Each structure stands twice: as C-alpha cells, then as structure tokens.
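*Asks:* Take this structure first; my questions come after.
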Amino acid sequence: MSKRHKSITPEISAWISEQKVFFVATAPRALDGHVNVSPKGGDSFRVLGPLEVVYQDFTGSGAETAAHVRENGRIVVMFCAFQGPPKIVRIHGHAMLIAVEDPRYAEFLELFPANPGTRAFVHIRVDRVSDSCGYSVPLYQFQSQRETLDRWASTKTPEGLKAYRAVKNRQSIDGIPALLPDTSMADAHSLIEPKGRSANLLNSTVVFLVGNIEAIIPWYQGIGFEASFFPPGFCILRRGAIQMFLQQQDGYTKPEDPAAHDRGAWNVYIETDNVAALFEEITSRPDAKITRGLTRQEYGQIEFEVTDPNG
C-alpha cells in the first residue's frame with residue numbers, strides 16, 4: 001500500500017542512507033520533449049532537513065537533468081530496496097541547479113567526499129514524500145560502487161574537464177540549455193553556436209529594479225521563492241516554473257503609480273537556445289539599438305542587451 005508522509009521522517013532518512021543507488025526523473029515543459037530518468041550511485045545524496053535534500057551531480061556524457069531543472073525545476077527522486085524488506089520511497093519537489101559559479105556551491109561541496117568529477121549539485125525543496133511496497137522489485141546482491149568515472153575524471157586536468165563539459169553538457173537532447181561552459185568572459189564569442197541556425201525562444205523573465213536588494217529578498221523568500229543572490233546587486237528568484245530577477249539600482253524608488261514605470265524601471269530577460277543567431281537577427285535591423293554586446297556575466301550567462309523603439 002502506498003502511504004504519503006508529511007516530511008522525510010528520521011526513519012525514512014536512515015533507510016535512504018543505506019541504499020546504494022537512486023533514480024532521478026525530470027521532463028521538459030514541451031509536450032513533445034523527452035522525459036529522462038537517470039540512475040545515481042556513490043555517496044552522493046544528503047537529507048538536509050524534513051523537506052530539503054541535495055545530491056552531488058557528476059560529470060557525464062549528458063545533462064538532461066540539469067537542463068530540465070534549469071527550465072522548470074520539476075523533479076522526483078526514487079529509492080528502491082534491492083536487499084532486505086521490500087520498499088520504495090519517492091521524493092517529489094522543486095530543484096535548483098547549483099553550478100560552480102553559485103555562492104552555495106562551496107557550501108554543498110563540504111557535505112560530500114571530494115570527487116574530481118563533481119560538476120554541480122541539485123538542491124531540492126521537497127513538496128511530497130511517499131512510500132510503497134515494492135513487492136515486484138527483484139533482489140540483488142550489492143558488490144561495490146564502480147570506480148570507472150572517478151578514474152576517468154582523475155586523469156583529466158581541470159581545464160580538460162571544463163572543455164569536456166563545454167562540448168557534452170551544454171544542452172539537452174531537445175536543445176534546452178544545461179550547463180554553461182565555465183570560461184572567462186573573454187571567451188564568450190567562442191562559446192556561442194555557429195551561424196546558420198535560427199534561434200528558438202525558450203522563455204522570458206521579468207527584471208525588477210530595487211533600491212535595496214538585500215532588504216527585499218527575505219520578502220520574496222517569505223512567499224515561497226528560492227533566492228540565488230550574487231553580490232553586490234543581483235538575485236534570481238524561483239518558485240515552481242516562475243523565475244524573476246532583482247537588480248540593485250542605488251537610489252531607485254518605486255513609482256507613485258505602480259502602473260506607470262519610469263524609463264528603465266523594468267526589463268524582460270529572454271532565454272534562447274542560440275544567442276549568436278538571435279544577436280545576428282536583431283543587429284541586422286537598422287532600427288536596433290544594442291546597448292551591450294555579447295558578454296559573459298559573472299553568474300554564467302552569455303547575454304546582450306537591446307532597447308526597443310520606446311526606450
């Protein structure tokens with residue numbers, strides 16, 4: 001019989017720590033996108049609290065989970081008992097990808113054994129915990145964790161791993177952006193897609209200007225948003241499929257009429273799967289006013305900025 005729990009109980013947490021493998025399932029927003037299930041092993045999963053978990057994401061030839069998490073955050077983690085009494089535990093929630101440029105990356109790094117293949121962490125706010133019988137799951141005898149990935153990663157230099165991820169982990173099989181290459185801003189032009197392919201627009205994000213970003217972040221957290229703060233003045237807010245950006249502008253005050261925004265008081269951030277093609281498309285227009293060319297930002301994105309005819 002299936003049973004739903006209010007949270008991850010101490011008993012469930014202890015049982016999870018005894019399992020040698022778990023499975024992660026995600027899916028893109030698109031109805032014709034490919035659903036993904038990935039097996040995970042090693043000492044790579046931690047229960048942080050009754051409704052909070054994180055797992056260590058290792059370098060591999062694909063990055064489906066990373067892409068789906070970046071796009072919409074939906075995730076389910078499943079544990080099965082392959083030895084002992086039958087049991088299945090599923091943990092549903094909203095995930096955030098913690099890549100190396102995220103300030104929390106170093107914090108999560110301390111929770112796991114050092115591994116040269118670590119490329120990110122997947123942090124999950126849990127909204128559903130359930131277990132079921134697992135009577136049809138076969139019994140298997142655990143022998144050992146595989147060391148192939150660790151040996152492979154240990155033969156690579158940090159630069160070699162970055163180069164591998166830049167080629168293999170940039171996007172999902174559906175073309176959704178996954179792990180951005182960890183390179184300097186000076187290399188941004190060499191990282192973009194070659195010309196000749198049109199750009200698909202993936203989603204848009206509103207950017208709000210605020211006068212005191214550190215004072216407003218707790219308000220959004222209080223209504224359920226997760227906040228990734230990049231000092232001194234940029235924050236990414238996420239809740240479910242909704243994403244918003246906060247941008248510090250010293251001296252900014254809200255307009256008296258909320259419907260009347262001063263010039264520059266709000267922007268729209270549009271994500272694409274081919275920033276080079278979009279840049280070329282827009283700059284080919286004689287009325288395009290580019291206010292910032294292709295540039296890699298400190299939070300990892302390659303961006304450009306254009307102002308519409310209304311300013």
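The values are calculated or read from the model by the stated rules, or taken from the named source; none is laboratory data. Quick caveat: nothing in here was measured; it's all calculated off a predicted structure. Cβ coordinates were reconstructed from backbone atoms using ideal geometry, including for glycine residues, and neighbour counts include every protein chain displayed.
*Asks:* Taking Ala114, is it surrounded by 15 or more Cβ atoms within 10 Å (Cβ to Cβ) and of a type outside the set (Asp, Glu)?
*Replies:* no
*Asks:* While we're here: Any chance the stretch 217-231 includes a residue that's among the aliphatic types (A, V, I, L, M) and modelled with pLDDT of 85 or more?
*Replies:* Yes, there is a match, as at least one residue in the stretch 217-231 is among the aliphatic types (A, V, I, L, M) and modelled with pLDDT of 85 or more.
*Asks:* With the structure loaded, tell me whether Val89 is buried (at least 16 other Cβ atoms within 10 Å of the Cβ) and over 24 Å from Ala178 (Cα atoms) or whether it fails that test.
*Replies:* So Val89 passes the test.
*Asks:* I'm trying to understand the selection: among the residues of the stretch 1-29, which are assigned to a loop (DSSP other than H, G, I, E, B) and surrounded by 12 or more Cβ atoms within 10 Å (Cβ to Cβ)?
*Replies:* Of everything in the stretch 1-29, those that are assigned to a loop (DSSP other than H, G, I, E, B) and surrounded by 12 or more Cβ atoms within 10 Å (Cβ to Cβ) turn out to be Ser7, Ile8, Thr9, Gln19, Lys20, Ala27, Pro28, Arg29.
*Asks:* Has the stretch 104-111 got any residue that is assigned by TED's automatic domain parsing to the domain that holds Ala81, within 29 Å of Pro231 (Cβ to Cβ) and crowded, with 17+ Cβ neighbours inside 10 Å?
*Replies:* For the stretch 104-111, residues assigned by TED's automatic domain parsing to the domain that holds Ala81, within 29 Å of Pro231 (Cβ to Cβ) and crowded, with 17+ Cβ neighbours inside 10 Å: present.
*Asks:* Return the residues of the stretch 14-34 that are touching a strand residue (DSSP E or B) at 6+ places or on another chain (Cβ under 7 Å) and of a type in the set (Lys, Arg); say none if nothing qualifies.
*Replies:* The answer is Lys20, and nothing else.
*Asks:* Within the set of pairs 6 or more residues apart or between chains, which connect a residue that is in contact (Cβ under 8 Å) with a residue 12 or more places away in the chain inside the stretch 65-82 to a residue that is among the hydroxyl-bearing types (Ser, Thr, Tyr) with Cβ atoms less than 6 Å apart?
*Replies:* Going by the 6 Å Cβ cut-off, the qualifying pairs are Thr65/Thr26; Thr65/Ser38; Ala67/Ser172; His68/Thr26; Ile75/Thr26; Phe82/Tyr140.
*Asks:* Can you report the number of residues in the stretch 117-130 which are buried (at least 18 other Cβ atoms within 10 Å of the Cβ) and either over 18 Å from the mean Cα position of the chain (by Cα) or aromatic (Phe, Trp, Tyr) (or both)?
*Replies:* The total comes to 2.
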